[in-house]
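Quick notes on the structure that follows.
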């Protein structure tokens, strides 16, 4: 028996791992594991500072490792971990985007000055409405497990955007989703609303994951492999029935479109954005959309490009529905966070247009749009967290009446961010829409671009409505106050505003990096 086992061991080759290529991802996941150990062994009064330092150092170290590798990475990319991870130029750009956005999101999460003690509940096990729940609102402690949870979610997003097969992508999907389900339910105030949002997100996310997994199984039955390159080879020429192919593709896309909050698979988005702690909403709105569309770009370009004639018409309809839902229903919203949620649904429709292009211009334009939208949205939610009343954040639109008279600087910053979301020139939003729509026009999608322009104009109305409300309405005598932001929130908002402005007036560097190369097509 020992001889047999020795012979079998000799036949098994250890998978080759390019550690330099995957070092950023390993740093983030390693720091997340270390953060769990800090929670287990450090006393409570030392956890917050230790977790903040560890998380920021991990993001900086991962960014440095990414920059060092990107400067000498092969143009065609590399595959590692037995071909399950593909580190190519789009993956490096998306990783850099996720790390940069996560720095700003982490600063919002770590802030304890806007809300004394932070935005997160002191003890997650406290039941809403109890004496302990009321007492924890005024305490200075917070549930510091949110830091390793954020790093695990970020690590899952990085794996998701670089996955080279559907099984790895599914595992990454769960790694990024499960921490978010927990984080959504950790709001310090409005605990019932937060927990309701977490339950909705979990249940709908479980259904979406089931769709993804069922689609994976059908595609495996069709191609005999879950590797993107093998699926592409099977779709290029085979005598097998297309029923498994398109049924599997449809179910797979449901899971991806859900995670990207594309209508009509958006039903979780308004409730979760409203109920989650605002720093978590910012993290999800920026980073999750980058991960979802990054994964979608890889799936459509690498695995299903040869069948684009069959599925593009369906995705045209999905993009139109998403734009209609986001723009029209956004007009009816009276809550700022829900309004931004419907804005994200409309933007998801615009992003889907670039994703469908399947050209170099479409790939680079979509990735640039993700970078631009992420920073603008993060800064916008940072501003939302500063307008407060006795119950916490004052997110009803009536509370924002006359805000320019209470805080001219904050009103000006929010106006600039809303104009960026509307796509006004000299902002990153304008450049993002321009490059995405240009790529779509070049690929023969002129009717879809016209529809997108119409609903961009419709969506601009509810952004401008808030601007008019802030500048041309009188503030209520007992209206909300504007909190003085702490250093962390100030840094996050400033970073978002500066990037939004720079990408609007000097986008060349980001566009060149986004267009520096395509996906690795090797198996």
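Observations on the model:
- If the segment from residue 334 to residue 446 were pulled out straight at 0.36 nm per residue, it would be longer than the present Cα-Cα gap by 36.9 nm.
- Between helix 487-505 and the chain there is an angle of about 60 degrees, using the helix long axis and the longest principal axis of the Cα atoms.
- Our estimate of slack between residue 484 and residue 305, defined as 0.36 nm per intervening residue step minus the Cα-Cα distance, is 59.4 nm.
- Paramagnetic label reach from residue 244 (point 7 Å along Cα→Cβ; backbone nitrogen cut-off under 15 Å): within region 188-222, residues 214-222.
- Measuring between their Cα centroids, region 50-66 and region 469-523 lie 21 Å from each other.
- Per-q log10 I(q)/I(0), the chain, q = 0.07, 0.09 Å⁻¹ (Debye; single scatterer per alpha-carbon; no solvent): -0.37, -0.61
- For the peptides 145-157, 319-331, the ranking by packing is 145-157, 319-331, with the highest mean count of neighbouring Cβ atoms within 10 Å listed first.
- Relative protection proxy for 279-289, 493-503, from highest mean packing down: 279-289, 493-503 (other beta-carbon atoms within 10 angstrom).
- Cα-based shape type of region 88-229, given that a ≥ b ≥ c are square roots of the gyration tensor eigenvalues and the cut on a/c is 1.5: oblate
- From its DSSP helices (H runs of at least four residues, each -39,500 (n - 2.57)), the chain gives a residue-normalised ellipticity at 222 nm of -23500 deg cm²/dmol.
- Average Cα contact separation per residue, region 16-514, under 8 Å, 6 or more apart, as relative contact order %: 15 percent
- By average C-beta atoms within 10 angstrom, highest first, the peptides 23-35, 205-217: 23-35, 205-217
- Residues 111, 512, 242 arranged by fewest to most Cβ contacts within 10 Å: 512, 242, 111
Only the coordinates and a few stated rules stand behind these numbers; no lab work does. Because the structure is a prediction, the values reported are computed rather than measured. Neighbour counts run over all protein chains shown; Cβ positions are idealised from the backbone, glycine included.
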